[in-house]
Amino acid sequence: MTTTSPHTADGTGARHGADGGGAGAAGKAVAPPTAAAARHTLPRAEPPYPETAPPAEARSSGRFLARAALVTAVLSVAGSVLGLVRDQALARLFGAGGETDAFLVAWTVPEFAATLLIEDGLAFALVPMFSLALARRARGTAGDPVRALVASTLPRLALAFGAAGALVAVAAPVLVRALAPGLPNHALAVDCTRLTATCVVSFGLAGYCSAALRAHRRFLAPAAIYVAYNTGIIAVMFVLGGRWGVRAAAAGVAVGGVLMVAAQLPSLLRRLKRHEGERPPVVADEAARPLALALFATVLLFALCRQSQVLIERFLASGLPSGAISHLNYAQKVAQIPMTLSLMLCTVTFPVVARALADGDTERARDRVERDVALAACLVLLGAATVVACAPQIVQLLFQRGAFTAADTAATAGVMRVYALGLLGQTVVGALARSYFSAGRASWYPLGAMAVGVVATAVAGASTVGPWGVSGIAAANAAGITVTAALLLAGMGPRSVPVRVRRVLGDLGRVVPAAAVATGAGALAADGVTGAGAAVSLAVGAATVGGVFAVLCLALGVRGPGTVLRTIRSLCSPSPRSVTQRHPHGRSRFRFPFRADR
């Protein structure tokens, strides 16, 4: 599965908060804009923040972000649960054999489409563009810059989505042969690929709607898209599975993609209709097009390079015994749940950081990114420790029924433990990559860092697949993404949000040992009650991991738990204002997310 989350799964998520405050020394000096950049920058009004923001306003902003993150997290958890139900249904109906392998090769299309069009690619490019348009609207620019942006980008992108989807459908035989040359059920994989090709169009439109709504600080509808998507897949599998076999799962992907668009379109239309009396300029800004094209090129190539790790896995696993691709898939889907959940806050704060950079508030963006990386690392390592300690129990409870046997459980659990070793790297990449694009400028450094990681994955995978099989492929994935994370962190500076690398490394250096000790304690506890059943063993192991991890984090001074406590207090404390509040960055008004679509 794709690494986000994107969403990316998951969604759009960079760590960009509005309640950051200017901690530490003054930020690095920002170089004066070049003449080309000046053509795209409006004259700035006074800074949107005074030296010290009013406490009530800062608390109000933090409370909004906390509630928006809660909405996103709740719906993302619901989408992840339905994703597990989807995978359980796939395992129960079709097992982990040749037919499922054929579908999972076709599943590469929605995996790539989700990363490129929803979770990373379009989000990295469009959220800063919409944030800048909203800032121009707030400054009183003639016409409506937001509607002008939609008019100049959506038709071209929709045409590109349609052409790309048609190309995938026509080239399906060649694509399947390239992805999995050793696959026995080639014809079945081609049929499934042609059905999933429709998601190139639907995911593209869904990603466009998500980016626009998040830039408007509307998170409810974008967070619900994977609920709609997985509901469609599950329904079609059970209705048509008996007649169409595994092709029903591919048809479900097509239906689910349409539901993703339908879940967001009404909300976006309402946002745009509020300013429909202001006609967009007839002539688009010609000078801005090269900048936009360069930005789209860098973010899409980065997302494509990142998702190519899946191609390497499928290519190497296609030469292994039947079921290897399925074991990799089930293990990866479960192992990546902690990463998806850990990036929920980043999904909410990405538009805020983009807006902060548009307003020139680099220090606030930097502080938000640093806190978000610390919190995301804390959460993902807690999840990774639980996965490693209790992998057999998790897989048994989730999948061991119907055509999914005990042997499949053992193989999947082993791969899942290896995958978990790369979760911290996946999270750091997901958190830092957005910082390079949050200012709305093209940056080639993330692509170079990701390319180095992909090469490391390919070399390590080719070396380890022989002696270690699927576990070697998973280990290569973990090694490659960790290399990319290290390069992205080392490159933070003028080309991105200038985070303090030593501070980030200090946070990670405290939380990693805590997770390692918690993993060992949880594994011992879970193994000690194996005779009581998988459910009891999992509960005991997870509780032990959580308790040991929390105690060690507090003892070592990890910043993540403190951020969680402040977020809970922010959610529970009474608001000094109504649910309609003024956001510091935009000086525009917006409502509590649950009421966004009213």
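Only the coordinates and a few stated rules stand behind these numbers; no lab work does. These figures come from a predicted structure and were not determined experimentally. Backbone-built Cβ (ideal geometry, glycine too); neighbour counts: all protein chains shown.
For a test of the definition: using alpha carbon positions, the gyration tensor, and the 1.5 limit on a/c, classify the range 364-491 as rounded, prolate or oblate. Oblate is the answer for the range 364-491, as a/c is 1.5 or above yet b/c matches or exceeds a/b. Going by a ≥ b ≥ c, the root eigenvalues of the Cα gyration tensor, does the range 311-367 fall in the rounded group (a/c under 1.5), the prolate group (a/b larger than b/c) or the oblate group? It is prolate, given that a/c is not under 1.5 and a/b is the larger ratio.
Between 113, 100, 163, the Cα set farthest toward the positive side of the dipole of the range 89-199 (charges on each charged residue's Cβ, about the Cα centre) is that of 163.
Placing a pseudo-label 7 Å from each Cα along the Cα-to-Cβ vector at residue 171 and residue 505 gives an inter-label distance of 4.2 nm. How would the range 105-157 be classified by its alpha-carbon gyration tensor: rounded, prolate or oblate, with rounded meaning a/c under 1.5 and the a/b versus b/c comparison settling the rest? Cα axes put the range 105-157 in the prolate bin. The order of the peptides 169-176, 216-223, 427-434 by mean Cβ neighbours within 10 Å, most packed first, is 427-434, 216-223, 169-176.
Provide the FRET efficiency to the nearest 0.05 for the residue 81-residue 294 pair, computing r from the beta carbons and using R0 = 56 Å. Before the final figure, lay out the partial values.
On the way: r = 39 Å, r/R0 = 0.70.
For R0 = 56 Å, the calculated efficiency reads 0.90.
Placing pseudo-labels 7 Å out from each Cα toward the beta carbon at residue 535 and residue 262 gives an inter-label distance of 3.5 nm.
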